[in-house]
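So that we are looking at the same thing, I have put the structure below in structure tokens.
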Amino acid sequence: MDHWLRLPLRTDRLTFRALSDADLGVHQRLFSDPGIVRYLYDEVLTGDAARQHLSLRHWKGLANEGEWSNLAVEFEDRLIGEIGVSLVSRVHRTCEIGYVFMPEAGGQGLATEAARVAVDVAMTLHDAQRVVARLDARNSPSARLLQRLGMRREAHFHRNEFVKGEWTDELVYAILAHEWTVTTAFN
């Protein structure tokens, strides 16, 4: 399926491309900010840890089962964040999406637009029947973003994960293929 995805992808406002070593400065800003990584599994990353983390996110093609594919998201020729798509199960045709954005990108609908592309990639290129997003229950902005996409909250797991030294609640949002209208042209 990889031949279907030609990078960069574009929407009216955003460009999606492979992450590269040249992105280290912004990647480190994203993952060294405690406010940004507060609800992520990642700890605060700096220096070599940030460099290694970025190298693991370099584009290797569409995700194999159990892996993630990550793309840089640019707005007005500036890297503002990253999206990811994971192929959770080929048999069950399930994918998971994720995203992380610079705070200054907030309030403009950019993260919602980018997350929509992540769902489009899952639905179109992975032929997903179901796309999920998992998040820390305290992350209200992310929950609102998923609701704007039309995803429904399907689960609230209480104290089910031990993350960064504390038990956390997890929300799971999902949407099915027949509920989704693909908006991104892959050509």
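Of the residues that sit in segment 75-104 and are crowded, with 21+ Cβ neighbours inside 10 Å and among the acidic types (Asp, Glu), which one is farthest from the chain's Cα centre (by Cα)?
Ranking the qualifying residues of segment 75-104, first place goes to Glu96.
Follow-up. Exactly one condition in (1) in contact with a Phe, Trp or Tyr (Cβ under 8 Å, 6 or more places away or on another chain); (2) within 20 Å of Ala111 (Cβ to Cβ) is false for Pro34; which is it?
(1)
Within segment 28-68, how many residues are within 28 Å of Ser89 (Cα to Cα) and part of a helix (DSSP H, G or I)? Quick ask: steps written out before the conclusion?
The first filter runs over segment 28-68 and keeps only residues within 28 Å of Ser89 (Cα to Cα), leaving 31, 37-43, 52-68.
With the extra rule that they be part of a helix (DSSP H, G or I), the set shrinks to 31, 37, 52-56.
Total meeting the criteria: 7.
Hey, among Arg38, Arg13, which residue is over 20 Å from Arg78 (Cβ atoms) and either surrounded by fewer than 17 Cβ atoms within 10 Å (Cβ to Cβ) or of a type in the set (D, E, K, R) (or both)?
Arg38
So for segment 100-111 (the condition being assigned to a strand (DSSP E or B) and at pLDDT 95 or above), does at least one residue qualify? Even if it seems obvious, please write down each step before you answer.
At the first step, the residues of segment 100-111 found to be assigned to a strand (DSSP E or B) are 100-101.
Still in the running and at pLDDT 95 or above: 100-101.
Yes, segment 100-111 contains at least one residue that is assigned to a strand (DSSP E or B) and at pLDDT 95 or above.
Looking for whichever is touching a residue at least 12 places away in the same chain (Cβ under 8 Å) and touching a Phe, Trp or Tyr at 6+ places or on another chain (Cβ under 6 Å) here; the options are Ser69, Ser86. Which one fits?
On the way: Ser69 fails: touching a Phe, Trp or Tyr at 6+ places or on another chain (Cβ under 6 Å).
Unique residue meeting the criteria: Ser86.
Report the residue count in segment 119-165 for those that are among the charged types (D, E, K, R), over 25 Å from Leu5 (Cα atoms) and in a helix (DSSP H, G or I).
Residues flagged as among the charged types (D, E, K, R), over 25 Å from Leu5 (Cα atoms) and in a helix (DSSP H, G or I) within segment 119-165 amount to 2.
Going through segment 140-159 one residue at a time, which ones are at positive phi and either exposed (fewer than 12 other Cβ atoms within 10 Å of the Cβ) or among the basic types (Lys, Arg) (or both)?
Within segment 140-159, the subset at positive phi is 150, 159.
Across segment 140-159, the qualifying residue is only Arg159.
Within segment 42-64, take every residue that is surrounded by 18 or more Cβ atoms within 10 Å (Cβ to Cβ) and over 15 Å from the mean Cα position of the chain (by Cα) and give me the one that is nearest to Ser32 (Cα to Cα).
Ranking the qualifying residues of segment 42-64, first place goes to Leu45.
The values are calculated or read from the model by the stated rules, or taken from the named source; none is laboratory data. Worth saying up front: this structure is predicted, and the values here are computed from it rather than measured. Please note: Cβ atoms are built from the backbone with ideal geometry, for glycine as well, and neighbour counts cover all protein chains shown.
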